[in-house]
Structure formats: C-alpha cells, structure tokens
1. Using only the Cα atoms of the chain, what are the Rg and Dmax in Å?
2. Tell me the angle of helix 69-81 to the major Cα principal axis of the chain, expressed in degrees between 0 and 90 and rounded to the nearest ten.
3. Suppose the chain between residue 95 and residue 65 were pulled fully straight at 0.36 nm per residue; how much longer would it get relative to their current alpha carbon spacing?
4. To make sure I understand the rule: partners must be lysines, Cα under 28 Å from the Cα of residue 182, and not fewer than 8 residues away in the same chain. Which ones qualify?
5. For the chain, what relative contact order do you get, as a whole percent, if you take Cα pairs closer than 8 Å and at least 6 residues apart?
6. With label points built 7 Å along Cα→Cβ from the Cα atoms of residue 185 and residue 156, find their separation and express it in nm.
7. Taking amide H positions as placed in the peptide plane 1.01 Å from N, state which residues far from residue 63 in sequence (5 or more) or on other chains have amide H under 5 Å from it.
8. Any chance you could give the angle, 0 to 90 degrees and rounded to 10, that helix 188-201 forms with the longest Cα principal axis of the chain?
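Derivation of every value follows stated rules applied to the coordinates shown; laboratory data play no part. Just so we're clear, the structure is a prediction, and the values are computed from it rather than from any experiment. Positions of Cβ are backbone-derived with ideal geometry, glycine not excepted, and every protein chain shown enters the neighbour counts.
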Amino acid sequence: MVDKIIEKYKNYTPYINGWNNMKRAAVAVLLVDIEGDTKIVFQVRAFHMRSQPGDISFPGGKIEDNEDPKETVKREVCEELGLNKEDFEIVTDLDILVTHYGLIVHPFLGYIKNYNNISINKDEVDHIFLASINELIKVNPINDLSKINVERNKNFPYHLIKDGENYKFKEGLYKSLFYNYKNYTIWGMTALILENFLNYIKEEV
C-alpha cells in the first residue's frame, strides 16, 4: 500500500486544497514602454456587463475546463485587447491570489511589443488607460480591513466538537485596497495584485 501511494504521488504537482470546487481566473499585468517610461495597462470594464460593470481590471478572465492558466490569459488578452499572440509576451507567473469567496486568480507578468495594434473589444472593455509604475509606487493606497463572518447553517454538528456552540472559532480579516490614480480608483482583486507586484519590484525602479 505504501509503495502504491508513493508511486501515485511520483509526478504530483501540489496546488490549492479544494481548488476543484472553486472558480478560477487568469489575468495579465501587461507592461509597455512609452517614451522611456514603463507603464501598466489597465482596462475599464464595459458598463453594460452583468459582472463588475465599470470596474478597473487587468486583461483576463475565466479559466475554461480545457485550459491551463497561461493559455487562458493569452486568449483573454487577444479577445479583450484585440492583439495577436505575436504582439505581446507572457513572461512569468506572479503570486496566486485566493479570495474569501472561493475564487483563485492566476496573475501573469507580460509586456506588449506592438502597443499600436491594440483594438479593444467594446463588448467587454469600455476603454483602457496606462499608469506609470514610477507614479503608482508613490501612491499610498487606502487600506481597509473588514471582518469576515461565517454564518453556519442550522444543522451544523456542534455536538461533534468540544464546547459545541461555545467553541472558539477563528476569525478572519479581508483587506481591501484603493489606489487613487488620476481620475481612476483601482481597487478589489486588481489592487491586491498590483500591490503584490509593486512591492516586489519597487527596489529596482
């Protein structure tokens, strides 16, 4: 039995526990050099969309069942920005983000080779804008910590745990960030991914 279990894990790639019961998405932090200044491409979601209309996001979307995250992000960049795969390069994975509501986000770092070839898909994107990395690093984002409350259902088996309903359950906090950049507010998952990226590179710029 031990040998069989060890053999089964021989080529195993660890991932996030419970991922197959969660939604997954992939996004791209896309860089572009404009007149000697490196900028990040952000998009404003179309205002007619059912999900998060008008929010600021990175290019990206849902990971389909037959895709790996990198395939997804390449497809979404092409669909949303109208680029061909030769117009941009995906360089590396960034840190995975897991939300409190069961979404796994795979961010990637990339750069655009042919910025003038962008032709946004108006069905999904209202417009795009560029934000200077040097300027974003100087922004002090608003940081709000919200308490996460778990509402257990009426059939929760308290009788199976010590102290029952008086058990001291752990509590959690959820961080919300808000980057005010010119006339835009970057917040939510996009802000969390942005902060993670900027914190990693800020000593290099």
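1. Values for the chain (Cα only, Rg and Dmax): 20.4, 66 Å.
2. So the inclination is approximately 40 degrees.
3. Difference between extended and current length: 8.7 nm.
4. 39, 113, 122, 138, 202
5. Computed over the chain, the figure is 21 percent.
6. Reported label-point gap for residue 185 and residue 156 is 3.2 nm.
7. Residues meeting the amide H criterion: 24, 25, 26.
8. Value to nearest ten degrees: 70.
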